[in-house]
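Q: Have a look at the structure that comes next, please.
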Amino acid sequence: MERYLVMKDGTVFTGQAIGASGTVLGEAVFTTAMCGYLLTLSDPSYYGQIITQTFPLIGNYGAIESDAESDKPVVFGYIVRELCKEGSNYRKECELDDYLKKHNIVGISGIDTRALTRKIRNMGVMNAMITDSIKDLPQKLAELKRYKVKNAVENTSCTTPEEVNPIDETHKYRVVLYDFGAKRNIERMLVKYGCSVIRVPYNTTAEQALSYKPDGIMLSNGGGDPADNTAVIEELKKLNERKLPTFGICLGHQLLALSHGAKTIKLKYGHRGGNQPVKDLVSGKTYITSQNHGYAVKADSLDPSVGTVRFINANDKTVEGIDYSCAPAFSVQFHPEACGGPKDTELMFERFVKLMEENRHAER
């Protein structure tokens, strides 16, 4: 069945229907990831967005829901050049198209994704609509002009606290994980590196977080505009005063910076994929990282007495990580938990554990 992608600037792409039926609005973005499409689909950071896969063939190993990064995908729409109808993998649970239908994801295939990607790179991220009809096009364009991603964190966070695993001989560091739309692999990595994890909702107060007597605070990834989360930022300011070891990833990195008085900006088309080069300004090393974000911390807005930029993007020089001098805290814009993507920066979890260990000795 014929289906259309309508862009905010009036451009219309014609393709074939995949996934669920219906009409969806969202912010059209692209990811350059060559693998891990299920992990992309299930990443809560994509809330409110329509994903374009730049890799031309998607679905070649079907869908394996046990590998998903969240309980259910929250992506608003999906765009591929070619959808594989029969995936080949011994772990396959269903075809990708069946997965899209099951989770009510409206998609389109058969369009020129290279042309679409060039448009987004040249003009910036823009609103789009996937629809089965282009009747009343002026009305649809008016809807696109009004659209804005809202309440991303509220709609992707957990609603009640949950102890992921208890304290024991091999998991001796208690970490409160703020869930702003956390990927499952953040939990897995914390557990792997000897942490007992308590995942808490986005609106957990500083007092509530401290009641768990944590050794450290973990701030997760998530979607939307970081500056919209004013209440969260105020609670983080209170936590900052306690000077607990703190580690922020992606949105967590941005919120930590905002809580220290810095500002964030929206990038033209963001960084999404598994091949973003990041330079460590301390060691001089460059890492290949997995990323998914449309905002960044404004470098010159960070008070140098509070913290310094540790990592920068090797392509556009935007901030990719901050070390704080006012507290035992650091944050990174990229994804060291890396599902899917390279595992070059997994050492960030080692750094966090070392920080908690050092802070324990300092307290004694």
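The values are calculated or read from the model by the stated rules, or taken from the named source; none is laboratory data. Small disclaimer: the values here were computed from a predicted structure and weren't measured. Cβ placement follows ideal geometry from the backbone for every residue including glycine, while neighbour counts extend to all protein chains displayed. Just so you know, the surface numbers come from the protein's heavy atoms only, side chains and all, with ligands and any DNA or RNA stripped out. Shrake-Rupley method; radii C 1.70, N 1.55, O 1.52, S 1.80 Å.
Q: What is the local net charge at G341, summed over the other residues whose Cβ is closer than 12 Å to its Cβ (Lys, Arg +1; Asp, Glu -1)?
A: Values: positive: K183, R272, K343; negative: D43, E69, E337, D344, E346.
Here the count lands on -2.
Q: Of E337, E2, which has the most accessible area with a 1.4 Å probe, and how do the rest follow in descending order? Can you show the working numbers first?
A: Working: E337 5, E2 95 Å².
Ranked list, largest accessible area first: E2, E337.
Q: So what does E163 come to for accessible area, using a 1.4 Å probe and Å² rounded to 10?
A: Roughly 100 Å² of E163 is accessible to a 1.4 Å probe.
Q: Can I ask one more? Suppose every Lys and Arg Cβ carries +1 and every Asp and Glu Cβ carries -1, with no other charges. What dipole size does the range 1-123 come out with about its Cα centre, to the nearest 20 debye? Walk me through the numbers before you get to the answer.
A: Values: 13 positive and 15 negative charges, 82 e Å.
For the range 1-123, the charge dipole is close to 400 debye.
Q: Taking a ≥ b ≥ c as the square roots of the Cα gyration tensor eigenvalues, with a/c under 1.5 meaning rounded and otherwise prolate when a/b beats b/c, else oblate, which class fits the range 265-314?
A: Working: a/c = 3.12, a/b = 1.18, b/c = 2.65.
It is oblate, given that a/c is not under 1.5 and a/b is not larger than b/c.
Q: Another question, then. Residue-wise, which Karplus ³J(HN,Hα) couplings in Hz belong to the range 206-218, taking 6.51 cos²θ - 1.76 cosθ + 1.60, θ = phi - 60°, and x for glycine or proline?
A: Rounded to whole hertz, the list is 4, 4, 5, 4, 5, 5, 7, 6, x, 7, x, 10, 10.
Q: So what's the net charge close to A314: Lys and Arg +1, Asp and Glu -1, counting the other residues with Cβ under 15 Å from its Cβ?
A: On the way: positive: K279, K285, R310, K317; negative: D280, D316, E320, D344.
For residues surrounding A314, the net value is 0.
Q: Per the Kirkwood definition applied to all pairs of different Cα atoms, how many angstroms is the hydrodynamic radius of the range 152-228?
A: Hydrodynamic radius (Kirkwood, Cα pairs) of the range 152-228 is 12.5 Å.
Q: For the chain, what number results from the quotient of the Cα radius of gyration and 2.2 N^0.38 Å? Walk me through the numbers before you get to the answer.
A: On the way: Rg = 20.5 Å, N = 364, 2.2 N^0.38 = 20.7 Å.
So the chain has a normalised radius of gyration of 0.99.
Q: Using a simple charge model, +1 on the beta-carbon of Lys and Arg, -1 on the beta-carbon of Asp and Glu, nothing else, what dipole does the chain show about its Cα centre, in debye to the nearest 20?
A: Once rounded to the nearest 20, the dipole reads 840 debye.
Q: With a Cα-only, solvent-free Debye model of the range 145-197, what are the log10 I(q)/I(0) values at q = 0.23 Å⁻¹?
A: Log10 of I(q)/I(0), two decimals: -0.86.
Q: Continuing with the same structure: Give me the one-decimal nm value for the distance between modelled label points at D136 and S301, 7 Å along each residue's Cα-to-Cβ direction.
A: Computed distance between label sites D136 and S301 equals 3.8 nm.
Q: Right, something else. Determine, for each peptide in 26-32, 8-14, 342-348, 97-103, the mean count of other beta carbons within 10 angstrom over its residues, then list the peptides with the highest first.
A: 26-32, 97-103, 342-348, 8-14
Q: If the chain between Q208 and M34 were fully stretched, how many nm would it gain, using 0.36 nm times the residue separation less the Cα-Cα distance?
A: Numbers: separation 174, 0.36 × 174 = 62.64 nm, distance 4.10 nm.
Net length gain for the segment: 58.5 nm.
Q: Run through the DSSP bridge list for the chain and note the antiparallel percent, rounded to the nearest 5.
A: On the way: 45 of 78 bridges.
In the chain, DSSP labels about 60 percent of beta bridges as antiparallel.
Q: Just the number, please: Stokes-Einstein D of the range 101-224 in µm²/s, Kirkwood Rh from C-alpha pairs, 25 °C, 0.890 mPa s. The partial results should precede the final answer.
A: Working: Rh = 18.0 Å.
It diffuses with D of about 137 µm²/s by this estimate.
Q: Roughly what % of DSSP beta bridges within the range 1-124 run antiparallel, to the nearest 5?
A: Details: 11 of 26 bridges.
Once the DSSP bridges in the range 1-124 are tallied, antiparallel ones form about 40 percent.
Q: Here is a further query. Taking only Cα atoms, what is the 0 to 90° angle, nearest 10, from helix 230-242's long axis to the longest principal axis of the chain?
A: 20 degrees
Q: Taking θ = phi - 60°, what integer Hz values does the Karplus form 6.51 cos²θ - 1.76 cosθ + 1.60 yield along the range 36-47, in sequence order, with x for Gly and Pro?
A: Ordered by residue, 3J(HN,Hα) equals x, 5, 5, 5, 5, 4, 9, 7, x, 5, 8, 3 Hz.
Q: Under unit Cβ charges (Lys, Arg +1; Asp, Glu -1), what dipole magnitude, rounded to 20 debye, does the range 50-192 have relative to its Cα centre? It would help to have the intermediate numbers written out before the result.
A: Details: 23 positive and 21 negative charges, 169 e Å.
For the range 50-192, the charge dipole is close to 820 debye.
Q: Just to confirm a number: summing +1 for Lys and Arg and -1 for Asp and Glu over residues other than H271 whose beta-carbon lies under 10 angstrom from that of H271, what do you get?
A: Details: positive: R272; negative: D316, E320.
Computed value for this residue: -1.
Q: Can you give the Kirkwood hydrodynamic radius of the range 282-364 from its Cα pairs, in Å with one decimal?
A: Across the range 282-364, the inverse of the average 1/r is 14.0 Å.
Q: Lys/Arg Cβ at +1, Asp/Glu Cβ at -1, dipole of the chain taken about the Cα centre: which of M126, V353, F247 is farthest positive-ward?
A: Result: M126, furthest along the dipole toward the positive end.
Q: Using Cα centres only, tell me the gap between the range 310-361 and the range 210-275 in whole Å.
A: Value for the Cα centre distance between the two parts: 13 Å.
Q: Can you put R3, R242, R199 in order of accessible area, largest first, using a 1.4 Å probe? Don't jump to the answer; show the numbers that get you there.
A: Working: R3 5, R242 145, R199 40 Å².
Final ranking, largest accessible area leading: R242, R199, R3.
Q: Per residue of the range 279-291, in order, report the coupling 6.51 cos²θ - 1.76 cosθ + 1.60 (Karplus, θ = phi - 60°) as ³J(HN,Hα) in whole Hz, putting x for Gly and Pro.
A: 9, 7, 6, 8, 8, x, 6, 10, 10, 9, 10, 8, 9
Q: In terms of Cα to Cα distance under 16 Å, which lysines are near enough to K238, apart from those fewer than 8 places away along the same chain?
A: Within the straight-line limit of under 16 Å, K238 reaches these lysines: K213.
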